[in-house]
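To start, the structure itself, in structure tokens.
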Amino acid sequence: MKEALLKISRNFPAEEAELIKQNFEKISGHPISFKVETDDSLIGGFCVYMDGKIYDAAYKTQLQKIHDRIDEVISDSPQGINEFIGKLLSSYKTDPEVYDYGTAFSCADGIVSVKGLSSSRYGELLEFEGKEYGIAIELHEEGVGAVMLSKESNVVPGDVVRGTGRVADICTGPKILGRVIDPIGRPLDGRPLPDTERRNIECPAPTIMQRKPVSKPLMTGVLSVDSMIPIGRGQRELIIGDRQTGKTTLALSAMINQKKDDVLCVYCAIGQKASTIRRVMQKLKDSNSLQNTVIVATTADDSACMQYLTPYAACAVAESFMYQGKDVLIIYDDLTKHAAAYRSMSLLLRRPSGREAYPGDVFYLHSRLLERAASLSDEMGGGSMTALPIIETMSGDISAYIPTNVISITDGQIYLETELFNSGVRPAVNVGLSVSRVGRSAQNKAMKDVSQSLRLELAQYRDTAVFAQFGADIDKKTLDLLKRGERLTEILKQDQDEVLSLGMQVALLLAYKNDGFLTIDKKRVCEARKKLLAYIDVRGSGTIHSINTSGEMTESDRKILEDIISDFFEEYSDAKH
């Protein structure tokens with residue numbers, strides 16, 4: 001005999017309760033043993049729990065729907081609200097709402113095990129009593145494992161859980177530019193968020209036929225990156241290095257440089273300190289880049305589930321712009337914390353653990369995220385999403401589990417070295433371990449002309465400098481190599497908030513290739529570099545603008561720049577003496 005639970009309000013007529021029992025037996029074709037409970041919270045009506053479904057005809061549910069609809073209408077248009085309420089009440093129906101349900105039987109550390117709801121989908125939003133929400137991430141025949149979205153959960157064993165039929169989504173569109181939101185779309189900057197379009201947090205990546213080759217450069221404004229490790233729009237370039245080596249600073253420089261190129265930016269902060277997120281926001285605001293940026297953030301005290309959702313939510317925001325034909329740059333800061341949050345969730349869900357206690361699908365965790373970055377074909381609108389994921393290493397160990405996983409997924413990496421950083425070389429890019437697998441084909445022609453041998457020269461200098469420090473006899477050719485390398489290292493140094501246009505970068509490298517800095521003492525190269533940039537800005541602004549606009553350096557442009565550079569070094573040398 002089937003069993004069922006009938007919940008009724010206190011004053012519900014007994015004859016109607018008996019009629020409900022008879023109707024359900026008639027529908028099922030089997031006798032049913034009903035357990036009857038009185039629940040004053042229903043206000044009126046009834047609820048039947050049977051075969052994993054709830055037949056909800058409670059007044060409370062209907063009144064809540066009316067209340068939600070009224071709130072929606074008031075927010076849209078407060079005029080004519082009385083007329084609207086009249087129409088709504090006249091169309092009120094008492095037909096029961098039918099939906100699947102389960103019951104929570106254990107809850108600890110934000111992880112809830114649910115009996116029932118075996119038809120739930122992966123990633124589906126689950127609604128708990130008290131209007132709390134969780135996400136199904138573990139599916140079994142008998143039930144599901146869910147993670148709670150709220151940090152402090154009041155779910156207790158026995159609570160009813162229902163599936164909402166939809167996966168987690170987030171607000172997207174132009175209205176959220178300049179805003180700071182969490183992974184489920186709640187504002188974190190203290191201002192109300194207007195109604196916007198929504199997009200599922202988990203979406204399939206573009207197919208092969210929907211993509212086109214990466215062919216357009218994304219300038220970061222950082223000379224060492226744009227010249228030797230160039231990034232193309234639609235590329236995935238990893239920024240990797242130890243703690244406090246300038247990874248976030250490099251990413252922020254790239255974001256600040258996009259305001260002149262009409263590239264939208266999404267900054268994804270995963271488990272960062274609230275003060276760090278505030279500093280990033282202020283820095284973008286000071287550089288007039290915030291209105292071009294969306295910040296999706298979780299702090300260090302947010303739940304592991306919220307930290308797990310953050311990069312997928314940020315990617316959904318960026319995707320909405322990409323499919324509108326826009327170019328987008330997204331920063332994931334950082335995926336090491338993301339993997340740690342996923343490991344915490346998986347261990348609490350009692351999943352089998354593998355290397356370094358990570359679950360077996362940790363590679364899929366990041367591959368399904370980074371594969372969503374692409375350069376779309378013209379038929380798809382021609383938009384692009386460039387991803388700069390950040391990974392933090394321990395003691396320079398890039399062969400650890402998570403770093404090697406992400407290196408294998410991305411199209412290259414920029415390795416920032418602690419030793420270089422501490423020696424004053426900033427950005428501390430190690431050109432020997434850094435590579436861009438597609439960027440050179442997307443590099444501007446002007447930059448190609450002046451940077452072809454740059455990477456090799458710098459790598460040779462750093463290798464030779466290691467042996468030169470032992471004081472061995474050095475021939476003239478090696479001395480020349482060391483002298484040029486020392487000056488190139490000084491030229492590539494940039495202040496924290498300094499971004500250079502394409503024309504200025506080309507001019508600096510042209511001055512280096514023409515041996516302009518060789519006559520200057522190594523300690524004065526940084527000073528000469530700054531003065532040269534100011535001199536070119538005054539004397540050659542038209543030429544610089546031409547290079548910035550076209551991406552090419554014509555013979556006349558080259559001749560003008562060479563003359564300006566030659567004049568500068570003559571004046572600088574005379575002034576020094």
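For this structure, a couple of remarks:
- Residue satisfying condition, being in a helix (DSSP H, G or I) and either free of Cβ contacts under 8 Å to residues at least 40 places away in the same chain or not assigned by TED's automatic domain parsing to the domain that holds Y133 (or both), within set A316, A297: A316
- Residue within region 7-20 that is among the charged types (D, E, K, R) and in contact with a helix residue (DSSP H, G or I) (Cβ under 7 Å, 6 or more places away or on another chain) present: yes
- Qualifying residues in region 354-403 (those that are more than 20 Å from Y342 (Cβ to Cβ) and β-branched (V, I, T)) - the one farthest from the chain's Cα centre (by Cα): I398
- Hey, D333 at negative phi and either of a type in the set (K, R) or in contact (Cβ under 8 Å) with a residue 60 or more places away in the chain (or both) or not: yes
- Any hit, region 545-555, residues being β-branched (V, I, T), within 22 Å of S227 (Cβ to Cβ) and under 38 Å from the mean Cα position of the chain (by Cα): yes
- Residues (buried (at least 19 other Cβ atoms within 10 Å of the Cβ), touching a residue at least 40 places away in the same chain (Cβ under 8 Å) and not polar (S, T, N, Q)) located in region 360-379: V362, H366, L369, L370, R372, A373, A374, L376
- Looking only at region 33-53, and only at residues there that are among the aliphatic types (A, V, I, L, M) and at pLDDT 85 or above, the one that is nearest to G163 (Cα to Cα): V48
- Meets criteria (at pLDDT 90 or above and surrounded by fewer than 21 Cβ atoms within 10 Å (Cβ to Cβ)) for P206: no
- In the set (1) assigned to a loop (DSSP other than H, G, I, E, B); (2) touching a Pro at 6+ places or on another chain (Cβ under 9 Å); (3) in contact (Cβ under 8 Å) with a residue 24 or more places away in the chain, Q307 fails one condition alone, (1).
- Number of the condition not met by R279 [criteria: (1) surrounded by fewer than 18 Cβ atoms within 10 Å (Cβ to Cβ); (2) free of Cβ contacts under 8 Å to residues at least 24 places away in the same chain; (3) within 24 Å of V144 (Cβ to Cβ)]: (3)
- Looking only at residues of region 409-462 that are without any contact (Cβ under 8 Å) to a residue 12 or more places away in the chain and under 23 Å from K523 (Cα atoms), we find that the one that is surrounded by the most Cβ atoms within 10 Å (Cβ to Cβ) is L420.
- E356 meets the conditions (1) assigned to a helix (DSSP H, G or I); (2) crowded, with 24+ Cβ neighbours inside 10 Å in every case but one. The failed one is (2).
- Screening F12 against (1) surrounded by 13 or more Cβ atoms within 10 Å (Cβ to Cβ); (2) farther than 23 Å from R162 by Cα; (3) modelled with pLDDT under 80; (4) not charged (D, E, K, R) leaves a single unmet condition, (3).
- Every pair of residues 6+ apart whose Cβ atoms lie under 6 Å, when the first sits in region 155-184 and is more than 16 Å from A316 (Cβ to Cβ) and charged (D, E, K, R) while the second is modelled with pLDDT under 95 and not in a strand (DSSP E or B): D159/E129
- Pairs with Cβ under 9 Å, 6+ apart, first in region 341-359 and in the same structural domain as I137 (by TED's automatic domain parsing), second part of a helix (DSSP H, G or I): none
- Where a residue in region 382-393 is more than 14 Å from D327 (Cα to Cα) and its partner, wherever it lies, is among the small types (G, A, S) and surrounded by fewer than 22 Cβ atoms within 10 Å (Cβ to Cβ), with Cβ under 7 Å and at least six apart: T393/A400
- Tally of residues being of a type outside the set (S, T, Y) and either out of contact with any Gly (no Cβ under 8 Å at 6 or more places or on another chain) or outside the structural domain of Y332 (by TED's automatic domain parsing) (or both) across region 363-390: 15
- Verdict on K65 being modelled with pLDDT under 80, among the basic types (K, R) and either in contact with a Gly (Cβ under 9 Å, 6 or more places away or on another chain) or within 15 Å of P96 (Cβ to Cβ) (or both): yes
- Under the condition of being touching a residue at least 60 places away in the same chain (Cβ under 8 Å) and over 10 Å from A507 (Cβ atoms), the residues counted in region 520-549 number 0.
The values are calculated or read from the model by the stated rules, or taken from the named source; none is laboratory data. The model shown is predicted, which means the values in this text are computed figures rather than measured ones. Note that each Cβ is placed from the backbone with ideal geometry, even for glycine, and that neighbours are counted across all protein chains shown.
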